[in-house]
1. Looking only at segment 49-77, count every residue that is more than 20 Å from Ala124 (Cβ to Cβ), of a type outside the set (Ser, Thr, Tyr) and more than 16 Å from the ligand (Cβ to nearest atom) and tell me the total.
2. Report whether or not Ser39 is open to solvent by 20 Å² or more (accessible area, probe 1.4 Å) and within 16 Å of Lys203 (Cβ to Cβ).
3. Determine which single condition Ser80 fails, assuming it passes every other condition in (1) open to solvent by 30 Å² or more (accessible area, probe 1.4 Å); (2) within 16 Å of the ligand (Cβ to nearest atom).
4. What are the residues in segment 105-126 that are of a type in the set (S, T, N, Q), touching a residue at least 60 places away in the same chain (Cβ under 8 Å) and open to solvent by less than 80 Å² (accessible area, probe 1.4 Å), if any?
5. Assess whether Lys212 counts as being at negative phi, surrounded by 17 or more Cβ atoms within 10 Å (Cβ to Cβ) and among the charged types (D, E, K, R).
6. Read through the list (1) surrounded by 18 or more Cβ atoms within 10 Å (Cβ to Cβ); (2) touching a Lys or Arg at 6+ places or on another chain (Cβ under 7 Å), then give the number of the only condition that Leu24 fails.
7. Within segment 127-144, identify whether any single residue is more than 16 Å from the ligand (Cβ to nearest atom) and either open to solvent by less than 10 Å² (accessible area, probe 1.4 Å) or in contact (Cβ under 8 Å) with a residue 24 or more places away in the chain (or both), and answer yes or no.
8. If you go through segment 50-80, how many residues are in contact (Cβ under 8 Å) with a residue 24 or more places away in the chain, out of contact with any Phe, Trp or Tyr (no Cβ under 9 Å at 6 or more places or on another chain) and under 16 Å from Leu97 (Cα atoms)?
Amino acid sequence: MINIIKVNNEQQFNETGAGIIASLVQTNPRVKLGLATGSTPVGVYQRLIELYKEGVVSFKLASSYNLDEYIGLPEDHPESYRRFMNEKLFNHIDMPLENTHVPSGNSSNAQQAADEYNRLLDEAGQVDLQLLGLGHNGHIGFNEPDEDLQGQTHIVTLDERTRQANARFFDSIDDVPTHAITMGIGSILKAKQILLMAKGKDKAEIVAKALKGPITTKCPASFLQTHPNVVVILDQEAGSLV
Ligand code: F6R
């Protein structure tokens, strides 16, 4: 079931997302959160930090599992997703760093790192909430459109459009890694609840395809239609076609 919430501005977007996550943490302090990087959740993380600083919520017993990581960037590289998560969220809240998990993109053996992450997810069991952004090509995590999709954590070759979209964070497109490790579609869909967030008119078309179009591997996010509990937060622009 997909429940769409349309908000009117950036502040509502972030507050609504953070509110859903914070209330889960309040009702279940041992909550397991699936987290995402990218530009979409940054304001949500800022709001969560504020709620923590205001004493509204504590992450002391919570744990987190991130969707993906570039292959070949050292952990302290400004664009590594581990560093992103530390800087945008983990360094500012009380979730113990050892409870935070991001696939290891800098291992000498990427396949082994993907397998290890898979084992970790299996041990963790079901995450309570998986936060997702949406790629312009319909990717979730780094599950790019393809003839078939993989269920578990695996290595992906990044789509040219994905590399171009992410080039804004690097000095040049040549510096954007070509490969990444990502949770598979099966792992994402295993979450008890999914929170998909998208904003901006450049996402309107893919939002409509993902939520209302045919379920197809050519739009990985369309598989969210098969999940029993999906909440989607959209601003007016991203939600203009649904
Ligand atoms: C990030 C991720 C990606 C992004 C997507 C949207 O961990 O897995 O799927 O959510 O590329 O990115 P933004 O939010 O930058 O538009």
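1. So the answer is 11.
2. When the stated conditions are applied, Ser39 passes them.
3. (1)
4. Asn118
5. No; evaluated as a whole, the condition is false for this residue.
6. (2)
7. Checked against the condition, which is being more than 16 Å from the ligand (Cβ to nearest atom) and either open to solvent by less than 10 Å² (accessible area, probe 1.4 Å) or in contact (Cβ under 8 Å) with a residue 24 or more places away in the chain (or both), segment 127-144 yields at least one hit.
8. Within segment 50-80, residues that are in contact (Cβ under 8 Å) with a residue 24 or more places away in the chain, out of contact with any Phe, Trp or Tyr (no Cβ under 9 Å at 6 or more places or on another chain) and under 16 Å from Leu97 (Cα atoms) number 5.
The values are calculated or read from the model by the stated rules, or taken from the named source; none is laboratory data. Since the structure is predicted, the reported quantities are computational estimates derived from the model, not experimental observations. Glycine also receives a Cβ, built like all others from the backbone with ideal geometry; neighbour counts cover every protein chain displayed. With ligands, DNA and RNA removed, areas are computed over all heavy atoms of the protein, side chains included. Shrake-Rupley method; radii C 1.70, N 1.55, O 1.52, S 1.80 Å.
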